[in-house]
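The values are calculated or read from the model by the stated rules, or taken from the named source; none is laboratory data. Quick caveat: nothing in here was measured; it's all calculated off a predicted structure. Here the Cβ positions follow ideal geometry from the backbone for every residue, glycine too, while neighbour counts run over all protein chains shown. Surface areas here come from the heavy atoms of the whole protein model, side chains and all, with no ligands, DNA or RNA. Shrake-Rupley method; radii C 1.70, N 1.55, O 1.52, S 1.80 Å.
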Amino acid sequence: MKKVHFDGTHRVRRPEDTWALIDGLRAAFGVTRVADVTGLDSLGVPVALAVRPAARTLTVSPGTGTSPLLARVSAVMESVELWHAEYACPVPGAVRTPACELGLPYDVRDLRQHAGSLLSERTPLDWVAAADVASGAATWVPQPYVGVDHQVSDSWQPPLLHASTNGLASGNSYSEAVTHALYEVIERDCTASIGSAPASTGRRVDPATVDDPVCDAVLSGITRAGAGIEIVEVPNRWGLPCFVAYTWSKDFPAPAVGSGVHGSPAVALSRAVTGSAQSRLAAITGSLGVRAAVPFTARGAARAPFPAEGVASWQEVSGSSFEFTEDTEEMRWLADGVRELTGCPPVVVDLSTESEFSVVKVVATGLACDGRDGLPGPAAARRHTAEETP
């Protein structure tokens with residue numbers, strides 16, 4: 001579908017139309033309240049919280065954006081995504097079947113696992129239908145890797161796969177949802193070493209040089225509030241615009257961090273800056289599910305704790321831009337990039353329950369965020385070991 005909204009995010013439906021749709025469906029997904037918590041902080045960056053009391057995971061889902069409307073949409077859709085992972089996981093199409101019998105395009109051992117996992121290609125698992133994002137070819141994903149449920153159970157299961165919400169996303173269309181899911185797994189790969197390798201080797205960006213009107217308005221508001229903002233360009237193997245933003249102030253000196261990756265540098269920066277504001281409010285309100293503020297000593301009051309070498313202008317770091325007018329074209333481009341860099345295609349499970357918008361779970365092996373504790377996954381470890389073995 002053709003994109004029609006480009007301010008701070010790319011969508012194929014205008015925010016007011018999306019809100020009109022999901023506001024009427026909130027009750028069906030258990031969202032009882034949407035609270036505007038922007039005023040609990042001094043930055044003025046719009047942040048909203050969607051409350052879902054019957055959740056099996058997080059009862060409060062935060063959302064942010066460059067306008068109050070976008071923040072509300074973001075919060076509600078975040079909560080709706082979780083509802084689908086909790087309550088709409090597909091029925092298994094293959095039961096107690098080992099991976100070695102399914103001809104998967106990826107190695108099941110490369111999926112994130114619990115510590116002490118004994119998962120192998122011969123472990124019997126239940127599987128749900130999935131598809132190769134680029135080609136559409138049918139495949140399978142373990143059901144325990146798709147559904148999420150934090151409720152206490154009387155039954156015991158061996159610690160095998162570690163399910164998470166990484167790659168869980170929604171959109172006004174199927175392609176838009178998959179695109180956002182792919183950006184999420186790529187972002188987590190780019191920032192897996194946040195605070196060490198990426199931030200220390202990147203360039204700090206002078207906020208005063210940002211001339212994108214949407215980002216400039218947000219940054220100017222933060223500056224007027226008397227808060228500090230540091231932006232770091234994150235080098236990455238994808239060649240995509242990626243930024244990390246740190247925000248702090250005298251009355252809340254712990255820097256909050258946000259990150260963003262997108263084909264458009266302005267959208268990537270917008271996500272990073274608004275994400276840092278969301279992190280601050282997560283700490284202020286005590287809500288979970290987002291990257292919290294990072295404690296540091298008083299000497300960090302002058303700047304964020306992870307400085308990068310050199311200072312660049314926005315014009316220097318925003319030269320590479322990858323623009324698409326159709327969501328399907330962007331989805332396939334990202335999927336091809338994942339396949340090229342990891343050797344495995346990303347696969348997607350469709351969790352949608354409504355015809356007007358989509359919710360999906362994308363699984364992409366070979367990314368840093370797939371491994372234990374944010375380290376490279378088992379595949380990378382096996383390759384490293386093989387290279388060292390005489």
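For a quick check, take a GNM of the chain with Cα springs below 10 Å and name the residue from Thr179, Thr274, Thr57 with the largest mean-square fluctuation.
Thr57
Ordering Ser279, Ser164 by accessible area with a probe of 1.4 Å, largest first, what comes out?
Ranked list, largest accessible area first: Ser164, Ser279.
Kindly sort Trp127, Trp333 by accessible area of their heavy atoms, largest first, with the probe set to 1.4 Å.
Solvent-accessible surface, decreasing: Trp333, Trp127.
Given the protein chains as shown and a 1.4 Å probe, how many square angstrom of Ile229 are accessible, to the nearest 10?
30
Rounding to the nearest 10 and keeping the result within 0 to 90°, find how far the Cα-based axis of helix 174-190 lies from the longest principal axis of the chain.
80
Name the shape class, rounded, prolate or oblate, that the alpha-carbon gyration tensor gives for segment 202-251, where a ≥ b ≥ c are the square roots of its eigenvalues, rounded holds for a/c under 1.5, and otherwise prolate holds if a/b is larger than b/c and oblate otherwise.
Taking the square roots of the gyration eigenvalues as a ≥ b ≥ c, segment 202-251 is oblate.
Mind ranking Ser79, Ser220 by accessible surface for me, highest first, 1.4 Å probe?
If we order Ser79, Ser220 from most to least accessible, we get Ser220, Ser79.
Taking the full set of protein chains and a 1.4 angstrom probe, give the accessible area of Glu354 in square angstrom, rounded to the nearest 10.
Glu354 exposes around 70 Å² with every protein chain in place.
Just to be sure I understand: with springs between alpha-carbon atoms less than 10 Å apart, which residue in Gly171, Gly343, Gly147 has the highest mean-square fluctuation in the Gaussian network model of the chain?
For the chain, modelled as a Gaussian network with Cα springs under 10 Å, the answer is Gly343.
Could you tell me whether segment 1-142 comes out rounded, prolate or oblate from its Cα gyration tensor? Rule is a ≥ b ≥ c as square roots of the eigenvalues, rounded for a/c under 1.5, then prolate if a/b exceeds b/c, otherwise oblate.
prolate
Place a point 7 Å from the Cα of Ala225 along the Cα-to-Cβ direction; which residues of segment 40-77 have their backbone N under 13 Å from it?
Within reach of a label on Ala225: 40-48, 64-68.
Among Leu21, Ala115, Val91, whose Cα lies farthest out toward the positive end of the dipole of segment 1-149, if unit charges sit on the beta carbon of Lys, Arg (+1) and Asp, Glu (-1)?
My answer, from the dipole projection, is Leu21.
Give the calculated FRET efficiency between Asp23 and Ser120 to the nearest 0.05, with a Förster radius of 56 Å applied to their Cβ-Cβ distance.
0.75
Could you state the orientation-averaged shadow area of the convex hull built on the Cα atoms of segment 7-63, in nm² to one decimal?
5.0
State, to one decimal in nm, how far the label point of Thr285 lies from the label point of Ala129, with both points 7 Å from Cα in the Cβ direction.
Distance between label points: 3.8 nm.
As I understand it, the value is the acute angle between the Cα axis of helix 378-388 and the longest principal axis of the Cα atoms of the chain; what does it come to in degrees, rounded to 10?
80
On a full-extension model of 0.36 nm per residue, what is the gain between Asp336 and Glu356, subtracting their alpha-carbon distance, rounded to one decimal in nm?
4.5 nm
Would you list, by chain and number, the aspartates and glutamates whose Cα falls below 19 Å from the Cα of Lys2, excluding same-chain residues fewer than 8 positions away?
Within the straight-line cut-off, Lys2 pairs with Glu16, Asp17, Glu176, Glu323, Glu326, Asp327, Glu329, Glu330, Glu356.
According to the square roots a ≥ b ≥ c of the eigenvalues of the Cα gyration tensor, what is the shape class of the chain, taking rounded for a/c under 1.5, prolate for a/b larger than b/c otherwise, and oblate for the remainder?
prolate
Nearest 500 deg cm²/dmol is fine: what mean residue ellipticity at 222 nm does the chain get from its DSSP H runs of n ≥ 4 alone, each adding -39,500 (n - 2.57), divided by its residue count?
My calculation for the chain gives -9500 deg cm²/dmol from helical runs alone.
Using only Cα atoms, find the angle between the long axis of helix 68-87 and the longest principal axis of the chain, and express it within 0 to 90 degrees, rounded to the nearest 10.
On a 0 to 90 degree scale, this one is about 20.
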